[in-house]
Each structure stands twice: as structure tokens, then as C-alpha cells.
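One structure is given here, and the rest of the page talks about it.
The values are calculated or read from the model by the stated rules, or taken from the named source; none is laboratory data. On a predicted model such as this, the values are computed, not experimentally measured, just so you know. Virtual Cβ from ideal backbone geometry, glycine too; neighbours counted across all protein chains shown. With ligands, DNA and RNA removed, areas are computed over all heavy atoms of the protein, side chains included. Shrake-Rupley method; radii C 1.70, N 1.55, O 1.52, S 1.80 Å.
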Amino acid sequence: MNMTTRPRRLRSSEALRRMVRETRVDAASLVYPMFVTDGKDKKEPIEAMPGQYRYSLDRMGEALDMLAGAGVNSVMLFGIPTQKDPVGSQAYAADGIVQRAVNRAKVLHPEMYVITDVCMCEYTSHGHCGVLCGHEVDNDKTLGLLAKTALSHVEAGADMVAPSDMMDGRVRAIREALDANGFTNKPIMSYAVKFASAFYGPFREAAGSAPSFGDRKGYQMDFHNRREAIKEALLDVEEGADILMVKPAMAYLDLVREVYDATNLPVAAYSVSGEYAMVKAAAANGWIDEERVMCEMAVAAFRAGAGIYISYYAPELARCIREGKIG
Ligand code: PBG
């Protein structure tokens, strides 16, 4: 057989496969999303996300210790307040759940990089991501509240804010509020390309943030659209975003690549609750190899162009990197 090119040649040993590997992964790229809640002595399991919990502030240290031990140095905090109202006032209260959690995280683990999710849906009684005007979310009225929320997070010590509400103009509104208050160096990671997705189902159970009527299609993107993703990404670049996120991850990796090619900002991919739940459920049935599937999903996101991977599997991924299973 006369074949000049034999791709298998480069696959003939582990050493060689590692040498020619095109995608390198590093635990420094991982971010762990974590839920904090009011009350005492709580580590409440989230049913549809086995292995994930809602922590009260007196116990959040357990999660941070576990992360630090695993080599994960970034967290993204989601708050679950006890009180909700139509204007989500606990989202921007100086003593709100996230504000106190940021504070505590910085006391317990000053080296931990703390990102906060900026949104209203966990804090509004109607579960929508902004204030309502009739049955619609009022975009421009919501902007001021998002800016206030982001500012309260950085005042509490957050290292970065991540708006996930999908209101038009929120990145600019947040940038202006941070700058006006001397926080010119706090970066914004924008959920720039966020789809109205059924993959968020388990999260909404975890955070009690499902909308009480309607859906989020009036502000989150239609999953049929690709060019609109670029439009959203470029708008956020213009408004001053520092990092662009695509969410969910697994079913949207084409857009991770498109956003990577169309901009010069770091791209983050968020592997959301439904992705985690599917892997857990299939693994619990013995139908897939959990660790290998988790590794393939993460590497695929990096291969698509993500520089940051937000995942409930972050500690396990860090271990796989350390053990040389990926990397
Ligand atoms: C808040 C927010 C959501 C997620 C992150 N931030 C829920 C939503 O938009 O309904 C989903 C994260 C996940 O599913 O893991 N708006």
C-alpha cells in the first residue's frame, strides 16, 4: 500500500498523542457556580443536580475549602434571598445575600476570585429578570437596578460582575455606574449570547427563579439564530464588556467559535444545570461513563474557542487535569 500520509502515525503512543495535542486545558480556566442562601447550618441538596447544594453563609466555607483543595480558584455566586418583591430590592441591598456571601468568601479565602451573577430573577416575586410594565419586562427601567446591583456587588468586594439578564444596554449602564464610583478596574463578563433554553430547568429549581407567568423569550435569544449571536456579542464589546459568554455550552459550541472569531475578547462557555443533570442522570443509570463524558464536554468547549469554562464539574475537571486525563 502506497500511502504518504497516515494520520494514525501520530496516534501511536500516549507520549506522541500528548505532544501533538491541539487543545491544552488548565484549571485556571475553570469557574465553579455556587448557590448561597439565608439561614443557618444549611447544605441543602439540589434534587435535579446531584452533588450540588445551597449553602448558608456559615457553611459556604466547606465548598470554598473543597474548591481550593481541588485547585479551582474562581467561583461565581448566585444568591437565593428569603424575601422577594416586584422590584427585586434584595438584589441591590447592601446586606443582601450575595453581598454578604462575597464578603465572607473574601474573609475565608482572600485568594479566591469571586464573580457575581447580576440578575433580578432570583429576587423578583414574579421571577422575571427585570421590573415589569404590564406583562412585559421594562428594559430601560431595569437598567438602573442592574447597575445598582452590580455596584453593590463590587462594593462588597466582588472581583468581577457577570450580568445575565439580557436587557439591551446593560453592559454600558453597569460600566458607567462602576466607573462613576471609582471601580474602573472591575471587569464585566457579559452573558452576551444567552439563549432562552430548557437547559436551565434544574437551575430554576435550585434558585427558585422560574417565571410565575410566561417565559423569557422576550429577552433571551431564540436558539435558531446564529447571526444575531454575533450582533449581541459586538454590541457588548462596544458597550465595554471585558469577557463575552455563550450560554448554554454544549449545544451552542458553534457560537463559541463564531464569537471567538468575530471579536478579540476572551470567550467564556457556561455548561449549565441541564447539561450537568443529563450527565448525572445517564451516569446514575450506568449508561455513560460520567468522567469521560464530562471531560469531552469541557475539552470540546475549549477546542471551540472558550478560554473560560463555567461548570458545576469544575472541581472534578481540575482533578482530571491534575491526573493527566485531559490537558
Ligand atoms: C439568571 C441565570 C440563570 C442561569 C444563570 N443565571 C437562569 C435563567 O436565565 O433562567 C442558568 C444557569 C444554569 O442553568 O446552570 N438569569
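Tabulated data
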| item | result |
| --- | --- |
| Largest-first ordering by accessible area, 1.4 Å probe, given options Glu205, Glu296, Glu258 | Glu296, Glu205, Glu258 |
| Whichever aspartates and glutamates have a C-alpha closer than 14 Å to that of Lys141, once near sequence neighbours (fewer than 8 apart) are set aside | Asp165, Asp168 |
| 1.4 Å probe accessible area per residue over the range 23-322, in Å² | 40 |
| Note, ³J(HN,Hα) from phi for the range 172-185, Karplus 6.51, -1.76, 1.60, rounded to Hz, x at Gly and Pro | 4, 4, 5, 4, 5, 5, 5, 4, 5, 10, x, 9, 5, 9 |
| Span from the the range 253-327 Cα centroid across to the the range 1-69 one, whole angstrom | 7 |
| Cα shape, the range 267-327, gyration tensor, a/c 1.5 rule | oblate |
| Taking the range 1-137 and dividing mean pair separation by its residue count, relative contact order in percent (alpha carbons under 8 Å, at least six apart) | 21 |
| Loop sites in the range 274-326: chymotrypsin sites (Phe, Trp or Tyr not before Pro), DSSP, at most 12 other Cβ within 10 Å | Trp287 |
| Within straight-line cross-link reach of Lys217, lysines at Cα separation under 16 Å, skipping those fewer than 8 residues along the same chain | Lys194, Lys247 |
| Interchain or long-range residues, amide H under 5 Å from Tyr113's placed H | Ser74, Val75 |
| Residue-span extension gain [Ala15 to Phe213] - 0.36 nm each, minus C-alpha spacing | 65.7 nm |
| The chain, relative contact order [Cα under 8 Å, separation at least 6], % | 18 |
| GNM flexibility winner over the chain from Asn73, Asn181, Asn139 (Cα, springs under 10 Å) | Asn181 |
| Fluctuation leader among Ala15, Ala177, Ala196 - the chain, Gaussian network, Cα springs under 10 angstrom | Ala15 |
| Largest to smallest accessible area among Glu122, Glu316 [probe 1.4 Å] | Glu316, Glu122 |
| Shape call, the range 185-282: gyration tensor on alpha carbons, a/c limit 1.5 | prolate |
| Ser12 accessible area, 1.4 Å probe, all protein chains in place, Å² to nearest 10 | 90 |
| The chain - percent of accessible surface contributed by carbon and sulfur, probe 1.4 Å | 51 |
| Built amide H within the under 5 Å cut-off of Val31, gap 5+ | Tyr309, Ile310, Ser311 |
| FRET efficiency, 1/(1 + (r/R0)^6) with R0 35 Å, evaluated for Asp261 and Met1 via beta carbons | 0.35 |
| Of Lys231/Lys280; Lys43/Lys148; Lys43/Lys84, pairs whose Cα-Cα distance is over 31 Å | Lys231/Lys280 |
| Integer Hz, Karplus 6.51/-1.76/1.60 couplings in order for the range 129-143, x for Gly and Pro | 8, x, 7, 9, 10, x, 9, 10, 7, 7, 4, 6, 5, 6, 4 |
| 3J(HN,Hα) from dihedral phi, the range 13-21, Karplus parametrisation 6.51/-1.76/1.60, rounded to Hz, x for glycine, proline | 8, 4, 4, 5, 4, 5, 5, 9, 4 |
| Long-range HN-HN contacts of Leu132 with modeled amide H, under 5 Å | Asp138 |
| Shape of the range 23-322, Cα gyration tensor, a/c cut at 1.5 | rounded |
